[in-house]
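Structure first, commentary second.
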Amino acid sequence: DFMDNIFVPNISISPDDLSGINFKDLKKEGHLMVANPEEWIKKLIKLRFKRIMIHVEIEGNIHDYISEIKGAGCEAVLAINPHTPISQLEPYAKELDGILVMGVVPGFQGQEFIPGTLDKIKEIKSKGWQAKISVDGAVKDRNAKDIIESGADTLILGSFLIKGDPDQNLEILLKSLRWVIC
């Protein structure tokens, strides 16, 4: 997660902070919660990120951003905030590799999952778009099954996984999904 304290009221590391780290063959993805992603995209491409996620709510030419990401051989994902209508994704849907549905207002960990997220996932799934659907924000054992059954392809785990023992938390999550993934 990359935050600029403009698009969301929080700040995190920047791609510049990663330039000296040797990630070897890790498949990296960057979620840009930034107002102006142009320079951030260029830096993530240079750092060989595999997936780059930008928000549909940003200003600028989203088609150009998607083209730049895909032109560099990366997967382009558009994130959508909880209160943004799905219609804002439609102009870009055929260009996308993925759609990231936010289950919380982005910017801070530890928030409660917004129940309307499930309806948003179902609505996106009903469109028949080829983009894979991911969900980020307050994903945990109590809601993972509902998220997957609503049509999500991928769960992005943050607080639930890292608060406490990550191995134990992952096992708890997988048990909650056992009837969905079998």
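Laid out as a table, the results:
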| read-out | value |
| --- | --- |
| Residues Glu171 and Ala93, FRET efficiency given R0 of 41 Å [Cβ-Cβ distance, rounded to 0.05] | 0.70 |
| Three-way shape call for segment 143-182 based on the alpha-carbon gyration tensor, with the a/c threshold at 1.5 | oblate |
| Cα-projected label distance for Val105 with Glu38, points at 7 Å along beta-carbon direction, nm | 2.9 nm |
| Global form of the chain, assessed from the alpha-carbon gyration tensor, a/c cut-off 1.5 | oblate |
| Per residue accessible area of segment 1-158, 1.4 Å probe, in Å² | 51 Å² |
| Over the chain: helical MRE at 222 nm, DSSP H runs n ≥ 4 each giving -39500 (n - 2.57), nearest 500 | -8000 deg cm²/dmol |
| Sequence-distant lysines (8 or more away, or on other chains) whose Cα lies within less than 21 Å of Lys163 | Lys140, Lys145, Lys175 |
| Within the chain, longest stretch free of exposed chymotrypsin sites (Phe, Trp or Tyr not before Pro) [DSSP loop, at most 14 other beta carbons within 10 Å] | 24-107 |
| Rounded to the nearest 20 debye, dipole of the chain from Cβ charges on Lys, Arg, Asp, Glu | 540 debye |
| Carbon and sulfur %, accessible surface of segment 91-172 computed with the full protein complex present, 1.4 Å | 50 percent |
| Segment Leu18-Asp64, extension gain: residue separation times 0.36 nm, minus the distance between their alpha carbons | 14.1 nm |
| Extension reserve of the Asp141-Leu47 stretch, reckoned as 0.36 nm per residue once the Cα distance is removed | 30.6 nm |
| Positive-end residue, the chain charge dipole about Cα centroid, Cβ charges, pick of Pro85, Phe49, Gly60 | Phe49 |
| Share of carbon and sulfur in the accessible heavy-atom surface of segment 1-71 [1.4 Å probe, %] | 49 percent |
| Partner lysines for Lys27 [C-alpha distance under 18 Å; skip if fewer than 8 residues away on the same chain] | Lys42, Lys43, Lys46, Lys50, Lys70, Lys132 |
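The values are calculated or read from the model by the stated rules, or taken from the named source; none is laboratory data. Just so you know, these numbers come straight off a predicted model, no measurement behind them. Quick reminder, even Gly has a Cβ in these numbers, built from the backbone with ideal geometry, and neighbours come from all protein chains shown. Accessible surface areas use protein heavy atoms only, side chains included; no ligands, DNA or RNA. Shrake-Rupley method; radii C 1.70, N 1.55, O 1.52, S 1.80 Å.
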